[in-house]
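Here is the structure we will look at, set down as structure tokens.
The values are calculated or read from the model by the stated rules, or taken from the named source; none is laboratory data. Quick caveat: nothing in here was measured; it's all calculated off a predicted structure. Cβ sites come from the backbone with ideal geometry, for glycine too, and all protein chains shown count toward neighbours. To get the accessible areas, we keep the full protein, side chains included, count just its heavy atoms, and leave off ligands, DNA and RNA. Shrake-Rupley method; radii C 1.70, N 1.55, O 1.52, S 1.80 Å.
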Amino acid sequence: FFSKKMHRYYGEVQAAFSDLTEIVRERFAGIRIIKAYNRQQEVTNRLESVSKDYIDKNLALVRITGSFFPMMVFFSNISLAIVFFLGGRQTIMFTITPGDFVAFISYLGLLTWPMMAMGWVTNLIQRGKASLERIDKIIQTQPEINDKPEAVFLKQSKESIVFESVSFSYGSYTHTAGITPVLDGINIEIKQGDILGIVGPPGSGKSTLLSLIPRIFEVVKGRIIIDGVDIQNIQIRNLRSMISYMPQEPFLFADTIWKNISFANQNINDVELIRATEDACVYETIKSFPNGFDTLVGEKGVILSGGQKQRISIARAILKEPKILILDEATSSLDTESEKVVQKALENLMKGRTTFVIAHRLSTVRRADVILVMDKGRIVQQGRHEELLKEGGLYREIHDLQLKDQEDFVTLQNQ
């Protein structure tokens with residue numbers, strides 16, 4: 001009875017503690033937003049509510065464990081009293097000898113403490129079992145995307161990358177009635193060393209399309225081919241080793257600049273590190289910090305500006321020496337001056353590499369060998385910048401809208 005109760009309460013305490021630590025982590029990470037919107041009191045109330053829940057669950061556990069051990073002692077003493085009463089009575093009535101009575105009392109004493117120790121062990125086992133079940137649930141989770149038994153090792157990407165009738169839907173890796181595909185019938189080919197630009201309105205499937213290349217998601221229908229091999233037949237570790245991915249919001253670990261840059265390649269030396277930061281146009285910036293490469297950047301690079309984080313991410317990508325480069329709106333959150341510096345660093349990174357560029361600003365993809373215009377999961381236009389402008393359509397609309405925004409901005413500055 002007590003074992004089942006303690007197991008349930010220990011599990012609830014573990015879950016409540018997990019919720020509490022996640023709330024604390026998230027609130028500290030978003031402290032600037034909380035202060036900017038004057039939400040300190042609401043956040044404090046939420047933290048107090050989660051803390052109270054954790055305390056209540058602990059109190060429930062303490063009550064059950066607190067009653068368990070006294071009851072063990074109580075019943076042990078009751079059993080001893082019963083033995084004294086019945087054994088003493090039988091001794092007086094000469095049913096058993098005094099020696100038998102003393103021997104029985106001795107045996108009972110030897111048995112009592114091991115039985116009480118079993119109670120302590122039960123408590124420890126239930127505590128460990130509750131924790132182990134939560135850990136085991138994570139460990140036993142199998143990735144949805146795995147290597148096939150016949151998966152091959154591709155030495156290098158030196159030919160084209162081809163999308164053949166690629167379709168994809170979130171929530172299922174099989175066709176499901178009623179689910180609108182995020183991507184539908186994508187057919188493209190990019191040659192080795194070329195730059196492919198992708199533009200389109202939000203929700204058109206741009207990021208999802210490029211997430212299929214490193215197999216973050218699996219193609220539902222069709223296939224993606226690298227050097228004549230379906231990527232589903234390439235070892236995942238091998239495939240991703242050829243790719244550098246730069247998201248719109250660069251991620252930095254709460255460590256030193258050195259550790260963040262060398263994350264892509266643990267075997268680099270000082271010369272290689274400096275060369276990478278020079279190519280990423282961030283070396284002079286790092287040197288200006290008091291601790292240089294040993295500067296701690298804080299959680300998610302909190303002490304750095306957006307442009308500095310981008311350029312450190314570019315240096316990290318350069319050290320990986322990828323064959324395929326994926327840039328997901330890598331400069332969209334930057335101001336014009338920062339974008340120029342980062343753009344120069346990106347040009348150094350893209351040299352000789354097959355590059356996919358998702359761009360919000362058309363200026364980022366003007367020099368691309370091919371530009372795809374996507375809308376509602378389909379390719380609606382395809383060609384070079386000049387060709388698409390002459391063709392009109394959605395690309396021309398985006399171009400004219402951005403041009404008008406720039407003119408309005410200049411007019412506003414002059415006023």
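Numerical summary
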quantity: From the options D255, D194, D184, residue that is touching a residue at least 40 places away in the same chain (Cβ under 8 Å), under 26 Å from the mean Cα position of the chain (by Cα) and more than 21 Å from A151 (Cβ to Cβ); calculated: D255
quantity: The listed residue being without any contact (Cβ under 8 Å) to a residue 60 or more places away in the chain and over 27 Å from K129 (Cα atoms), out of E12, E42; calculated: E42
quantity: Residues satisfying the stated conditions in region 258-290, i.e. more than 13 Å from I312 (Cα to Cα) and touching a residue at least 12 places away in the same chain (Cβ under 8 Å); calculated: N265, I268, E272, F289
quantity: Flag if I92 is hydrophobic (A, V, I, L, M, F, W, C) and surrounded by 13 or more Cβ atoms within 10 Å (Cβ to Cβ); calculated: no
quantity: Residue, farthest from the chain's Cα centre (by Cα), within region 9-38, restricted to residues that are loosely packed, with under 15 Cβ neighbours inside 10 Å, of a type outside the set (A, V, I, L, M, F, W, C) and over 19 Å from A254 (Cα atoms); calculated: N38
quantity: Residues of region 49-69 classified as exposed (fewer than 14 other Cβ atoms within 10 Å of the Cβ) and either in contact with a strand residue (DSSP E or B) (Cβ under 9 Å, 6 or more places away or on another chain) or not β-branched (V, I, T) (or both), total; calculated: 7
quantity: Selection status of I105, open to solvent by 100 Å² or more (accessible area, probe 1.4 Å) and over 59 Å from the mean Cα position of the chain (by Cα); calculated: no
quantity: Residues satisfying the stated conditions in region 330-348, i.e. out of contact with any Ser or Thr (no Cβ under 8 Å at 6 or more places or on another chain), part of a helix (DSSP H, G or I) and either at pLDDT 70 or above or of a type outside the set (D, E) (or both); calculated: T336, K340, V341, K344, A345, E347, N348
quantity: Members of region 175-191 that are in a loop (DSSP other than H, G, I, E, B), modelled with pLDDT of 85 or more and farther than 16 Å from I225 by Cβ; calculated: V182
quantity: Unique residue being among the polar types (S, T, N, Q) and within 39 Å of the chain's Cα centre (by Cα) when the list is T141, T112; calculated: T141
quantity: Top-ranked residue of region 310-329 - restricted to ones that are open to solvent by 30 Å² or more (accessible area, probe 1.4 Å) and modelled with pLDDT of 80 or more, ranked as farthest from F263 (Cα to Cα); calculated: K323
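Residue-wise test of (1) more than 30 Å from E12 (Cβ to Cβ); (2) part of a helix (DSSP H, G or I); (3) in contact with a Ser or Thr (Cβ under 8 Å, 6 or more places away or on another chain).
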| position | (1), (2), (3) |
| --- | --- |
| F69 | no, yes, no |
| M72 | no, yes, no |
| N77 | yes, yes, no |
| F85 | yes, yes, no |
| G88 | yes, yes, no |
| L108 | yes, yes, yes |
| N123 | no, yes, yes |
| A130 | no, yes, no |
| I135 | no, yes, no |
